[in-house]
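For reference, the structure is listed below as structure tokens.
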């Protein structure tokens with residue numbers, strides 16, 4: 001008897017036993033309850049006005065920048081843990097931002113509108129591609145592969161790029177029938193999340209490159225939406241981002257690679273939400289406006305969006321609220337921006353949320 005015959009016979013015996021007992025019923029398992037978190041607020045160095053996290057490594061190192069405004073031209077990029085702060089040397093005086101991290105010693109981003117990688121805090125301007133030098137590096141892997149976007153100022157377009165290493169020669173990612181695109185995140189398998197625009201694509205649409213030599217897969221838009229983008233990718237190729245609508249509302253999205261489906265994640269009572277991180281368990285994090293209009297960090301899992309401010313069990317120091325969650329580890333740890341009280345108003349701080 002074949003294996004398949006044995007399987008069908010086993011199913012038939014089980015069904016017969018259930019009918020004989022009569023009282024047996026089967027119900028699906030209830031969704032897992034969201035975890036509660038301890039909020040570890042990371043230290044703020046002396047004379048630094050605030051801190052904005054942008055990404056987190058698998059080891060829990062958070063990269064971002066010290067600043068009193070998220071995109072201040074005088075921001076100081078850094079990589080931070082509860083016990084150590086590494087200041088990243090600025091290649092140029094202004095516009096220095098840490099945007100991605102491959103491992104604790106490799107951070108990527110931009111400086112003076114040029115793509116840069118920091119190795120152990122020391123900067124390396126990434127090689128030009130197709131003669132283009134302006135842009136930003138957005139993502140990196142543990143093995144040093146980097147993705148990003150370069151800009152052609154002459155014609156006003158942007159192009160997605162991948163570099164094999166911080167010293168290697170970069171290459172354009174194929175864009176099919178589109179006229180431009182951008183690459184925002186890369187996983188250890190080399191899959192890349194981003195957007196395409198132009199040609200037959202009105203506005204812009206989320207895309208995923210499974211192979212840097214082949215055109216990407218378009219991931220679609222939510223029903224009625226004008227556009228979509230994905231800025232994060234998990235180890236299994238699921239992507240997270242947002243989709244925008246004609247009424248100026250925005251909804252966070254998750255694209256599930258296995259089923260090729262785009263899922264709207266909802267909002268926390270306001271008209272805006274956007275996802276910034278996703279792990280292989282399909283837990284998604286980001287920010288959403290609340291009913292009062294205040295931005296709150298969220299965790300989405302099992303079909304439900306949760307306000308992270310409702311999942312706080314303890315904090316290392318008092319906070320006002322969790323404003324945004326930017327990355328989520330495979331273990332469920334979350335990198336977030338929180339607000340604390342300052343002498344002249346609230347202060348932006350980096351934090352790790354530990355379940």
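The values are calculated or read from the model by the stated rules, or taken from the named source; none is laboratory data. For clarity, every value in this text was computed on a predicted model and none was experimentally measured. When we count neighbours, we look across all protein chains shown, and the Cβ atoms used for this are built from the backbone with ideal geometry, even at glycine.
Kindly provide the set of residues from the stretch 306-332 that are under 18 Å from residue 238 (Cβ atoms) and surrounded by fewer than 21 Cβ atoms within 10 Å (Cβ to Cβ), ordered by number.
Scanning the stretch 306-332 gives 329, 330, 331, 332.
For the structure I just gave you, tell me whether residue 342 is more than 26 Å from residue 101 (Cβ to Cβ), touching a strand residue (DSSP E or B) at 6+ places or on another chain (Cβ under 9 Å) and surrounded by fewer than 19 Cβ atoms within 10 Å (Cβ to Cβ).
no
Could you tell me which numbered condition residue 199 fails, if it satisfies all but one of (1) under 20 Å from residue 284 (Cα atoms); (2) surrounded by fewer than 17 Cβ atoms within 10 Å (Cβ to Cβ)?
(1)
For the subset of the stretch 212-230 comprising residues that are within 13 Å of residue 160 (Cα to Cα) and within 21 Å of the chain's Cα centre (by Cα), which member is surrounded by the most Cβ atoms within 10 Å (Cβ to Cβ)?
216
If you check 50, 64, 60, which single one turns out to be surrounded by 15 or more Cβ atoms within 10 Å (Cβ to Cβ), more than 26 Å from residue 187 (Cβ to Cβ) and touching a residue at least 60 places away in the same chain (Cβ under 8 Å)?
After applying the criteria, what remains is 50.
Taking residue 262 as the residue in question, decide whether it is part of a strand (DSSP E or B), more than 21 Å from residue 146 (Cβ to Cβ) and at pLDDT 95 or above.
Considered against the rule, which asks whether it is part of a strand (DSSP E or B), more than 21 Å from residue 146 (Cβ to Cβ) and at pLDDT 95 or above, residue 262 comes out as yes.
Which of the following residues is at pLDDT 95 or above, within 23 Å of residue 287 (Cα to Cα) and more than 15 Å from the chain's Cα centre (by Cα): 112, 63, 75?
75
Going through the stretch 130-166 one residue at a time, which ones are under 22 Å from the mean Cα position of the chain (by Cα) and assigned to a loop (DSSP other than H, G, I, E, B)?
Once the filter is applied, which keeps residues that are under 22 Å from the mean Cα position of the chain (by Cα) and assigned to a loop (DSSP other than H, G, I, E, B), the stretch 130-166 yields 141, 142, 143, 144, 145, 164, 165, 166.
Looking only at the stretch 165-182, how many residues end up being crowded, with 22+ Cβ neighbours inside 10 Å and farther than 14 Å from residue 213 by Cα?
Residues that pass the stated criteria total 3.
Can you tell me which residue among 95, 44 is over 20 Å from the mean Cα position of the chain (by Cα), buried (at least 17 other Cβ atoms within 10 Å of the Cβ) and farther than 27 Å from residue 125 by Cβ?
After ruling out the rest, the residue left standing is 44.
So is residue 176 over 19 Å from the mean Cα position of the chain (by Cα), modelled with pLDDT under 95 and within 21 Å of residue 231 (Cα to Cα) or not?
yes
When the residues of the stretch 78-89 are narrowed to those that are buried (at least 16 other Cβ atoms within 10 Å of the Cβ) and part of a loop (DSSP other than H, G, I, E, B), which ends up farthest from the chain's Cα centre (by Cα)?
88
Is there a residue in the stretch 29-37 that is under 20 Å from residue 355 (Cβ atoms), at pLDDT 50 or above, touching a strand residue (DSSP E or B) at 6+ places or on another chain (Cβ under 9 Å) and surrounded by fewer than 11 Cβ atoms within 10 Å (Cβ to Cβ)?
Taking every residue of the stretch 29-37 in turn, at least one turns out to be under 20 Å from residue 355 (Cβ atoms), at pLDDT 50 or above, touching a strand residue (DSSP E or B) at 6+ places or on another chain (Cβ under 9 Å) and surrounded by fewer than 11 Cβ atoms within 10 Å (Cβ to Cβ).
Does residue 118 satisfy the condition of being farther than 23 Å from residue 353 by Cα, touching a residue at least 24 places away in the same chain (Cβ under 8 Å) and in a strand (DSSP E or B)?
Yes; evaluated as a whole, the condition is true for this residue.
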